[in-house]
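A.B. asks: Sharing a structure, written as structure tokens. Questions coming.
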Amino acid sequence: MSAAAYSMPPDTGLSRYLQAAHAMPMLSAEEEFRLAHLWRDKHDSAAANKLVTSHLRLVARIASGYRGYGLPLNDLISEGNVGMMQAVQRFDPDRGFRLATYAMWWIRAAIQEYVLHSASLVKMGTTASQKKLFFNLRRIKGQLNALDNGDLAPEQAAKIAEALDVPVHDVMSMNLRMAVPDQSLNTPIHDDGADQWQDHMPDESESHETVLADREILEMRKECLAKALPVLNQRERRILSERWLKDDPTTLEDLACEYGVSRERIRQIESRALVKLRKAMKVSAAARLPSKGATAARAEAHG
């Protein structure tokens, strides 16, 4: 089955599509059972196509319930058809229930996933409670006559949180996110269009000077480490390498077994080696710095 076969091309009128969907004959339980077996057992594509097309009116009815999210109905129906095809692919006729009962969950899931990804560039439903809020907040606000109130009153938020079994702060946050549409950074702030939102965003990236300085410090540390390593004996170098230079450090127990000593002895060798290495690196770093006399001489020469 191809999703393209059940999508709605732009030049197809929605009313014509809905008329065609309602003109599709309903299947009897016996015919549906026979077609489902043909698809499951023999992968008969004609049987699968008939199962899908006979339920297009169900898809249209479910999709109509999601028109309040500002998305084109034809897109909602196309996504619902994808869910319908997924339902047919997984339907087991021997379980004793009708395809429509099983398919409605797949149709809703496909449409809801599309709505969530289309409603905002920022993901709005990443948890089960957020999805529950996203798809039920408008309905419950309507029951409380709070659709046009903007910010929710504390008592209204509390009622919604209790009804949906979610935290109150999640209700307030989702209400705010749904009330404010996404804005392009290129949107002009003033009518003349000379000033855009992106012009007022701070650049939080590090400056070139900071990046260059960090790079030089890293190179200096690497050089000092290379010069300091010879102060360690072979065992100290190996223990530090196993304990500090591996993504999955070797345990004290494993090193103790390898060298035939206690874990505490390995820990003492490691600590002593670190002290020796740090001292040697400080000496190496100090040698790289100009002496006070040389610095004063250069300052005087450039004075």
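The values are calculated or read from the model by the stated rules, or taken from the named source; none is laboratory data. Model, not experiment: these values are computed from the prediction. When we count neighbours, we look across all protein chains shown, and the Cβ atoms used for this are built from the backbone with ideal geometry, even at glycine.
A.B. asks: Filter the stretch 80-118 down to the residues that are out of contact with any Ser or Thr (no Cβ under 8 Å at 6 or more places or on another chain) and touching a residue at least 60 places away in the same chain (Cβ under 8 Å), then identify the one that is farthest from His55 (Cα to Cα).
C.D. replies: Pro93
So that you can scan it fast, the table gives a plain yes or no per residue for (1) modelled with pLDDT under 90; (2) within 21 Å of Ile217 (Cα to Cα); (3) touching a helix residue (DSSP H, G or I) at 6+ places or on another chain (Cβ under 9 Å); (4) not in a loop (DSSP other than H, G, I, E, B):
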residue: Arg238; (1), (2), (3), (4): no, no, yes, yes
residue: Asp247; (1), (2), (3), (4): yes, no, no, no
residue: Asp254; (1), (2), (3), (4): no, no, yes, yes
residue: Cys257; (1), (2), (3), (4): no, no, no, yes
residue: Glu264; (1), (2), (3), (4): no, no, yes, yes
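A.B. asks: If you check Thr210 against the conditions, is it β-branched (Val, Ile, Thr), under 24 Å from Ser284 (Cα atoms) and without any contact (Cβ under 8 Å) to a residue 60 or more places away in the chain?
C.D. replies: Yes: the conditions hold for Thr210.
A.B. asks: If we scan the stretch 78-88, do we find a residue that is surrounded by fewer than 17 Cβ atoms within 10 Å (Cβ to Cβ), in a helix (DSSP H, G or I) and in the same structural domain as Ala29 (by TED's automatic domain parsing)?
C.D. replies: No: zero hits.
A.B. asks: Go through (1) modelled with pLDDT of 85 or more; (2) touching a Pro at 6+ places or on another chain (Cβ under 9 Å); (3) of a type outside the set (Val, Ile, Thr); (4) not in a helix (DSSP H, G or I) and name the single condition Glu242 misses.
C.D. replies: Result: Glu242 fails condition (4) only.
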